[in-house]
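Only one structure is covered here, and it is reproduced in the block below.
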């Protein structure tokens, strides 16, 4: 097998180019070209993907998002490998084990077409959010220079609970106040864990969860109830499956998260699914 490698030198830093060349060589895989995650805008990489190649991407969900942006609706395939902290996309594909373990099973690779989601023109593989989470990501980035990654994440989450913004939104013509909106690419199951997991990647729907908590205490209580699996009768959340959803706000821009990254986007926010447009090599 011949591949084009995309690797992220800042996602833990464990899988360097030299290490990836050695792992691939030991499994009869040739790396024809290599690009760092900061080189995703390379004209050469765009040319290769347009031609049709297998792109081996190692990094976190942000790296997978960047690679998918280039590969979607192209003749190329994405071979994702877990080189980040959480690796939700790789996990939800059912690819378990270390990078070495997964590559050693390369002969079991099977192609699978998966859906992607969009908010306006921004692609997301896993999920996108408005409200509490993207604001906490902004806080985490601003404090990451003086705090460790996980301490910064906890600090940012607590700070956003203290601030507790309730955003004025219009969804399906109804005016609501919400501290956050979660839109997941495909079917998410939140009945067993506070961190939702996907049950499918090609069902052509979005999972939309809108919080209506009136106070930080109500939000925290609802979070604990979700963690205990008590979801069906919660008054603080609405949960539904949609092909698309349009969300209007009273502000012209808001921070929006997508696959662990954050960016200010202009309102209104048009969420939609694009089914079976990303070819992925899955190794189980």
For this session: Take the alpha carbon atoms of the range 106-144, find their center, do the same for the range 270-284, and report the distance between the two centers in whole angstrom.
Result: 12
Exercise. Which of 124, 35 comes first, and how do the rest follow, when ranked by fewest Cβ neighbours within 10 Å?
Worked result: 35, 124
Exercise. At residue 73 and residue 242, where each label point lies 7 Å from the Cα along Cα→Cβ, what is the point-to-point distance in nanometres?
Worked result: 2.2
For this session: Note the full-extension length gain between residue 264 and residue 106 as 0.36 nm times their separation in residues minus their Cα-Cα distance, in nm to one decimal.
Result: 53.0 nm
For this session: Could you tell me which of rounded, prolate or oblate describes the range 3-51, using a ≥ b ≥ c as the square roots of the eigenvalues of the alpha-carbon gyration tensor, with rounded for a/c under 1.5 and, failing that, prolate when a/b is larger than b/c and oblate otherwise?
Result: oblate
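Grab the beta carbon distance between residue 272 and residue 44, set R0 = 35 Å, and tell me the FRET efficiency rounded to 0.05. Mind dumping the intermediate values first?
On the way: r = 31 Å, r/R0 = 0.89.
Taking R0 as 35 Å, the efficiency between residue 272 and residue 44 is 0.65.
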For this session: Please work out how much length the chain gains when fully extended from residue 202 to residue 252, using 0.36 nm per residue of separation minus the C-alpha to C-alpha distance, in nm with one decimal.
Result: 14.7 nm
Seminar exercise, completed: Quick shape check on the range 2-108: root eigenvalues a ≥ b ≥ c of the Cα gyration tensor, a/c under 1.5 is rounded, otherwise prolate if a/b tops b/c, else oblate, and it reads rounded
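Bear in mind that the values in this text are calculations on the coordinates, not laboratory data. For clarity, every value in this text was computed on a predicted model and none was experimentally measured. In this analysis, Cβ positions are derived from the backbone assuming ideal geometry, glycine residues included, and neighbour counts consider all displayed protein chains.
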